[in-house]
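Can you read through this structure? Questions will come right after.
Each value in this text was obtained by applying a stated rule to the coordinates, not by laboratory testing. Since this is a predicted model, take the numbers as computed values, not measurements. Positions of Cβ are generated from backbone atoms using ideal geometry, with glycine treated the same way; all protein chains shown enter the neighbour counts.
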Amino acid sequence: MVEASYGENSICLSLDDSGKIWYTVKRNGAEVVLPSRLGLHLADSHPLCDRFTITKVTKRNVAGTWKPIYGERAEIDDSFEEATVCVEDDLGRRMEIRLRAYFEGTALQYVIPEQEKLKSFTIIQEDTSFTFPEGSLAWEEHGVEGEYTIKQVGDVSGYCERPFAVQLPEGGYVLIHEAGLTDYARMLIVKDEEAENTLKVHLSGHLCGLFRQDDYVGYGFTLNEDEDDSISSSVEGTTPFATPWRTFILADHAAELLCRSDMVLNLSEACNAEDYTYVKPGKALRDMLLSTRSAFACIDFCADHGFQYILFDGGWYGSLDSENKAIDPRREDSDRDLDVRRVISYGKEKGIGIFLYVDRTAAEPYLDAALPVWKEWGIAGIKLGFVKVGPQESTRWLIDAVKKCHEYGLMVNIHDAYRPTGLSRTYPNVLTQEGIRGNEHFPTAAHNTTLPFVRFQAGAGDYTLCYFDKRLKVTHAHMLAMGVIVYSPMQMMFWYDKPSDWHGEEEIEFWERLPVTWDESIGISGEIGEYAIIARRKDSKWFIGCINNENVRTVKIPLHFLNAGNKYTAQIYEDVPELETRTKVGIRSVEVTNDSILEFHLESSGGSAIYLEPISELNNE
């Protein structure tokens, strides 16, 4: 048996008598992923699954850190142990399995080295499986904008998204995801019908992700009946070739899952930071009316409230022309009263950048021609909508599009079916992506309190924060706190609101102060689907987000993370149902230290948001 271990986490590999490859994942010495199969099935060739012998094992230990251009923390620990297991089958074909163990969890990757007996190939299926103890629970999600359902692992059905969360019967959690997806098909998780309590990798050939048909109206295409996740995909490759990493984030308690998004970045290729000086994270406001006049109002609102961008979303350049073809997004003469160049110029006067939306029907035929034009206009970035995901060719197209945007110094927000696997480390111009059931759907509080334990371990999510819309299913204090809970370096604020919808509500100052990138992020406490409390620091200031599901509860927030010996003013924004205001958010201040414990009675679907600033700094202002 070969093992890579780091701290409490380890991953082990062994061969059985028939030369099949098996692995286990352990935490604190106990198996959390039971013996599970590994291997690759190839087209027109014997699979790389059995009849192996181990020819060589190499190990290395790495201790170090790196500093991201932006992120949830200013410095990321990249310490790990790696074991590379070289195997050869009876046909003389060679493969390597890389095992890694980090503080956050473990990972494995297939590598097919350069060799005479295997130069090119087609992977039609992975033999990668995940076996869990009987009685394990899973959070099943269908579609990247789906809701979560709790099931026994043995009852999982359909094609499930990742990260995929499992709670073990004796306690502890495993989060399955993938990292470094750049030239491969997307992984989904399906039940293995041939083994009990076992899941396996499905290489997705689905093109869009699951959406309602209504989501496509006006975008120039419809969902075909055969576009479902059961379609499988193959992967073409030539040696040397490496698959994406299969990752396992591990925790003893649910709260330990919060803010564990480092491993997916560590397993992705680093960039040259000097090439990305144009990348500037910030808060953005969508222009709902898509006119010159409304855009000016949005720019003024952003300048007054500390936001950095406005977005022209779907429809700013039209949808389809008279021949039912996509309209060229370079056009400046849309059917709306919108002078794009004039808006960009006004935005520059106010220090506000402009993002332009372009969906795939326009991006696929026009992106190459549009990028130099948009750069000449002076926009800050683009939002790519309805991009295809799933097959290898769709992955390649998206990566290529991101590269091209970088060549023109444009930031990117990828929307709809794409879910992150560490791409923002390789291309930091990708500020954020959707791949989340966000506030445009007005999700339940139970859904919101699931996301920080599951979805955000993959990376940033464009949740599209709403506030004044009457369709909200949570309280306004809950929504204020979501600004902290949600990590997104391009944070969309007031998604369905217009500047005129703000009537001077004082609590908006919390979002005005709110950064979108952080020096430190800490999970305080919580349970999946119940409640979540996260604290984040920028410089010397702390922000705490506390959100609750539909059950009324009392929570305590210890402030042990504050600097010892310092006093802080805590500005608290909380639900006060008896207030005669439309948002019913009360604001109060208390003095605290790192010995203080704040206690809150949380309303159903409620929450609280807290801003902490050292008193010494307040006195110096």
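Rounded to the nearest 20 debye, what is the charge dipole size of the chain about its Cα centre when +1 sits on each Lys and Arg Cβ and -1 on each Asp and Glu Cβ?
Dipole of the chain, to the nearest 20 debye: 1000 debye.
Beyond 21 Å, how much of the Cα-Cα pair distribution for segment 43-151 remains, as a whole percent?
60
As I understand it, the value is the acute angle between the Cα axis of helix 360-377 and the longest principal axis of the Cα atoms of the chain; what does it come to in degrees, rounded to 10?
50
Report which label in (1) 1.08; (2) 1.02; (3) 0.97 holds the value of Cα Rg over 2.2 N^0.38 Å derived from the coordinates of this structure.
Evaluating Cα Rg over 2.2 N^0.38 Å on these atoms matches (3).
For Ala270 and Ser45 in the same chain, what is the full-extension length gain: residue separation times 0.36 nm, less their Cα-Cα distance, in nm?
Once the chain is fully extended between Ala270 and Ser45, it gains 77.5 nm.
Please give the contour-minus-distance gain from Lys20 to Val552: 0.36 nm per residue of separation, less the Cα-Cα distance, rounded to one decimal in nm.
Residue separation times 0.36 nm, minus the Cα-Cα distance, leaves 186.4 nm.
Give a quick list of GluC sites (Glu not before Pro) in segment 81-168 that DSSP marks as loop, anything other than H, G, I, E or B, with at most 10 other Cβ atoms within 10 Å.
Here the sparse-neighbourhood loop sites are Glu116.
Give me Ile11, Ile69, Ile533, Ile344 ranked fewest to most by other Cβ atoms within 10 Å of their Cβ, as a rough exposure proxy.
Lowest to highest Cβ neighbour count: Ile69, Ile344, Ile11, Ile533.
Separate question: Nearest 500 deg cm²/dmol is fine: what mean residue ellipticity at 222 nm does the chain get from its DSSP H runs of n ≥ 4 alone, each adding -39,500 (n - 2.57), divided by its residue count?
-4500 deg cm²/dmol
Determine, for Phe453, Phe307, the number of other Cβ atoms within 10 Å of each Cβ, and report the residues in order from fewest to most.
Listing Phe453, Phe307 from fewest to most nearby Cβ atoms yields Phe307, Phe453.
Taking the Cα atoms only, what angle lies between the long axis of helix 340-350 and the longest principal axis of the chain, rounded to 10 degrees?
Here the helix axis deviates by roughly 70 degrees.
Can you tell me how much longer the chain between Asp539 and Phe442 gets when fully stretched, taken as 0.36 nm per residue apart minus their C-alpha distance, in nm with one decimal?
Difference between extended and current length: 31.7 nm.
Where both residues lie in the chain, what percent of DSSP beta bridges are antiparallel, nearest 5?
Taking every DSSP beta bridge within the chain, about 85 percent pair in antiparallel fashion.
Moving to a separate point now. Could you list Lys200, Lys283, Lys404 in order of exposure, starting from the residue whose Cβ has the fewest other Cβ atoms within 10 Å?
Ranking Lys200, Lys283, Lys404 by Cβ neighbours within 10 Å, fewest first, gives Lys404, Lys200, Lys283.
If amide H atoms are built 1.01 Å from N in the plane of the peptide, which residues on other chains or at least 5 residues away come under 5 Å of the amide H of Ser525?
Ile533
Note the angle between two axes, namely the Cα long axis of helix 392-407 and the longest principal axis of the Cα atoms of the chain, as a number of degrees from 0 to 90, rounded to the nearest 10.
Result, in degrees: 50.
So if I restrict to the alpha-carbon atoms in segment 2-266, what is the Rg, and what is Dmax, the biggest pairwise distance, in Å?
Over segment 2-266's Cα set, Rg and Dmax evaluate to 18.8, 58 Å.
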